[in-house]
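Notes follow the structure.
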Amino acid sequence: MRLGILGDIHGNLEALKTAYQTAIDEGVNKIYHLGDLGGYAPFVNEVVDFLIEHNIEGVQGNYDEAIAYDRVHCGCKYENDFQAKMAQLSFEWTKRAVKEKSKDYMKNLPFSIDLNVNSRKIKIFHATPVKNNIYWYEDRNEKFFLLMAQKAKADVMIYGHTHLPYFKKIGSFYFINAGSVGKPKDGDSRTCICIIDINYHDIKVKFIRKNYDIKKVVDAIIESGLPDYFAEKLVLAK
C-alpha cells in the first residue's frame, strides 16, 4: 500500500495544491493530513475546504485544537520573545478569520488514526501518541523513540509538528516525520510530500520536494495584515 502524507499545512493553500497533485501523480492509494491547518498564512478556510472537497482524512494538531476551542495560546514553542510575539499575532489573526465551518471541522478531527496494512500496525498522529504539542526531533535518544512506540502500540508511527522530515528504524519499529507542506523549517522552501510504501517485508519512505507559487502566498500574507515576518520565513524556510 502506498500512502501520501501531508504534514503541517499552516494555511498555505498553494503548497497544499501542489503537494496533493504530487501525491496523486505518485499513485498513492490514500492521502492523510497531519493537522495544523491554519496559522502563519491566510488560507485557513480554503485549506479546510480543499481537504473536505478531496476527502482527505487527517488528525488534529495542537493549532487546530487551539483554534477550535478558542484557546489563548496555540501551544507552540518559540526560540525568543520576538518569535513568540509574531506567532501570537498570527494566532489571533487566525482566530478572527476562521469560519465556524472550519472550526467545527478542526474540532471533530481525531487525535490519531489507526491502520492495519500488510500485517503492520500503523498509527498516525500530529506530534506524539500521548500529546499533540511535544517536539519529537530526530536527535531524541533511542529510549524516547522506544517509549513512544510502546505508547502508540504500533509498528509504524507517522507524525509531524517539528516541520523537519526524517525516517528512522529502530529494531522492528519505523518512525516517520513527514515534514511540512506549508511551512518547512529545514532550509528548503519547497513544499514537502511524504510517500510511504508499506509492504510485508519492508517500509520505503521518500520525501519529495516541489516548487509552488510561493510568491502568491507571500503576497497574500502581506495583503492579509499578517506580519511580513511570515512571508520572509516562508522564503527562508527556517
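Throughout, read-outs are computed from the coordinates displayed, never taken from laboratory work. Predicted model, so just to flag it, every value in this text is computed and none were measured. As a convention, Cβ positions derive from the backbone with ideal geometry for all residues, glycine included, and neighbour counts pool all protein chains shown.
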Label-point gap, in nm, between residue 49 and residue 118 - each point 7 angstrom along Cα→Cβ: 3.8 nm
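Where Lys and Arg each count +1 and Asp and Glu each count -1, what net charge lies around residue 195 among other residues with Cβ under 14 Å from its Cβ?
Details: positive: 2, 30, 204, 206, 209, 210; negative: 25, 26, 197.
Around residue 195, the charge tally is +3.
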Sequence-distant residues sharing a close amide H with residue 58 (under 5 Å, placed H): 33
FRET efficiency, residue 219 to residue 153 (Cβ-Cβ, R0 41 Å, nearest 0.05): 0.35
Cα-projected label distance for residue 57 with residue 210, points at 7 Å along beta-carbon direction, nm: 2.2 nm
0 to 90° range, to nearest 10: angle between helix 13-25 axis and the chain longest Cα axis: 30 degrees
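In whole percent, what relative contact order does segment 89-238 give with Cα contacts below 8 Å and a gap of six or more residues?
Working: 231 pairs, mean separation 24.6, N = 150.
Reported as a whole number, the value is 16 percent.
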Separation in nanometres of the label points that stand 7 Å from Cα toward Cβ, at residue 169 and residue 29: 1.9 nm
Between 0 and 90°, nearest 10: helix 214-224 axis offset from the chain longest Cα axis: 50 degrees
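At 25 °C and 0.890 mPa s, what whole-number value in µm²/s does Stokes-Einstein give for the translational diffusion of segment 166-216, with Rh from the Kirkwood sum over Cα pairs? Don't jump to the answer; show the numbers that get you there.
On the way: Rh = 12.4 Å.
Value of D from the Cα-based Kirkwood radius: 198 µm²/s.
Test of understanding: what is the full-extension gain from residue 146 to residue 197, defined as 0.36 nm times their sequence separation minus their Cα-Cα distance?
Details: separation 51, 0.36 × 51 = 18.36 nm, distance 2.21 nm.
That pair, residue 146 and residue 197, stretches by 16.2 nm at full extension.
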Members of 103/204; 30/169; 95/153; 95/204; 85/238; 123/168 lying beyond 27 Å, as alpha-carbon distances in this model show: 103/204; 95/153; 95/204
Karplus-derived HN-Hα couplings along segment 59-64 (A = 6.51, B = -1.76, C = 1.60, θ = phi - 60°), whole Hz, x at Gly and Pro: 10, 8, x, 4, 5, 4
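Would you please put 43-51, 81-89 in order of how densely packed they are, using the mean number of other Cβ atoms within 10 angstrom per residue and starting with the highest? Mind dumping the intermediate values first?
Values: 43-51: 21.7, 81-89: 14.2.
The peptides rank, most packed first, as 43-51, 81-89.
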Net length gained if the chain between residue 139 and residue 72 were fully extended (0.36 nm per residue, minus Cα distance): 21.1 nm
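Between rounded, prolate and oblate, where does segment 81-134 land on the alpha carbon gyration tensor, with a ≥ b ≥ c its root eigenvalues, rounded for a/c under 1.5, else prolate if a/b exceeds b/c?
Working: a/c = 4.41, a/b = 1.80, b/c = 2.44.
Judged from the Cα gyration tensor, segment 81-134 comes out oblate (a/c at least 1.5, b/c at or above a/b).
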Beta bridge orientation in segment 99-238: antiparallel %, DSSP, nearest 5: 75 percent
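What's the exposure ranking of 8, 36, 155, 202, going from fewest to most Cβ atoms within 10 Å?
Working: 8 28, 36 35, 155 18, 202 9.
The most exposed by this proxy come first: 202, 155, 8, 36.
By its C-alpha gyration tensor, with a ≥ b ≥ c as the square roots of the eigenvalues, how is segment 134-202 shaped: rounded for a/c under 1.5, else prolate for a/b larger than b/c, else oblate?
Since a/c reaches 1.5 but b/c is at least a/b, the shape of segment 134-202 is classed as oblate.
Please give me, ordered by residue number, the GluC sites (Glu not before Pro) of segment 55-92 that lie in loop per DSSP and have at most 10 other Cβ atoms within 10 Å. Don't jump to the answer; show the numbers that get you there.
Values: sites: 57, 65, 79, 92; in loops: 79.
Passing sites in segment 55-92 are 79.
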Hydrodynamic radius (Kirkwood) for the chain, which is based on Cα pairs only, to one decimal in Å: 17.6 Å
Qualifying chymotrypsin sites (Phe, Trp or Tyr not before Pro) for segment 196-238 [loop in DSSP, other Cβ within 10 Å: at most 15]: 200
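Considering every pair of different Cα atoms, what Kirkwood radius, in Å, is found for segment 99-238?
Working: mean 1/r = 0.0600 Å⁻¹.
After inverting the mean inverse Cα-Cα distance, the result is 16.7 Å.
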Rounded to 10°, Cα long-axis angle of helix 81-97 versus longest principal axis of the chain: 80 degrees
Hz values of 3J(HN,Hα) by residue in segment 151-156 - Karplus curve (6.51, -1.76, 1.60), Gly and Pro given as x: 5, 6, 6, 9, 8, 10
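Among 13, 6, rank each residue by its count of other Cβ atoms within 10 Å, from fewest to most, as a rough exposure measure. Write out the running numbers ahead of the final one.
On the way: 13 23, 6 29.
Lowest count first: 13, 6.
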